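*Asks:* Sharing a structure here in structure tokens format.
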Amino acid sequence: MSNVLNSSHIYCPYCGESLEILVDGSAGNHSYIEDCQVCCAPIEITVAMDETGEIVEILAQTDSE
Ligand SMILES: [Zn+2]
């Protein structure tokens, strides 16, 4: 099991700024909330991975209710 943090880029759904995030490569598919580094809004980040820990997709959405 690797415990690698992968650096990746997303765009804030609120202000549109490009943000660098660290994704836990050992966590598999998961989602979490991270505050935008620019406008401080809560971004819901959803990470999809395959079995090898390769990141397939990262979605950045507004915090759903
Ligand atoms: Zn923002």
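*Asks:* Just to be sure before I move on: is residue 62 away from the ligand (no atom under 16 Å from the Cβ) and at pLDDT 95 or above in the structure I sent?
*Replies:* Judged against the criteria, residue 62 is not a match.
*Asks:* Go through the residues of the stretch 26-43 one by one and say whether even a single one is surrounded by fewer than 12 Cβ atoms within 10 Å (Cβ to Cβ) and over 14 Å from the mean Cα position of the chain (by Cα).
*Replies:* Yes: the stretch 26-43 contains one or more residues that are surrounded by fewer than 12 Cβ atoms within 10 Å (Cβ to Cβ) and over 14 Å from the mean Cα position of the chain (by Cα).
*Asks:* Scan the stretch 46-53 and tell me whether some residue there is within 13 Å of the ligand (Cβ to nearest atom), outside any loop (DSSP other than H, G, I, E, B) and at pLDDT 95 or above.
*Replies:* To start, the set of residues in the stretch 46-53 that are within 13 Å of the ligand (Cβ to nearest atom) comprises none.
No, that holds for no residue.
*Asks:* What number of residues in the stretch 1-45 are under 17 Å from residue 64 (Cα atoms) and either more than 9 Å from the ligand (Cβ to nearest atom) or outside any loop (DSSP other than H, G, I, E, B) (or both)?
*Replies:* Taking the stretch 1-45 first, the residues under 17 Å from residue 64 (Cα atoms) are 11-15, 30-36, 40-45.
Of the ones still in play, those that are also either more than 9 Å from the ligand (Cβ to nearest atom) or outside any loop (DSSP other than H, G, I, E, B) (or both) are 11, 30-35, 42-45.
The number of residues fulfilling the criteria is 11.
The values are calculated or read from the model by the stated rules, or taken from the named source; none is laboratory data. Every value quoted in this text rests on a predicted model; they were computed, and no experiment measured them. Neighbour counts run over all protein chains shown; Cβ positions are idealised from the backbone, glycine included.
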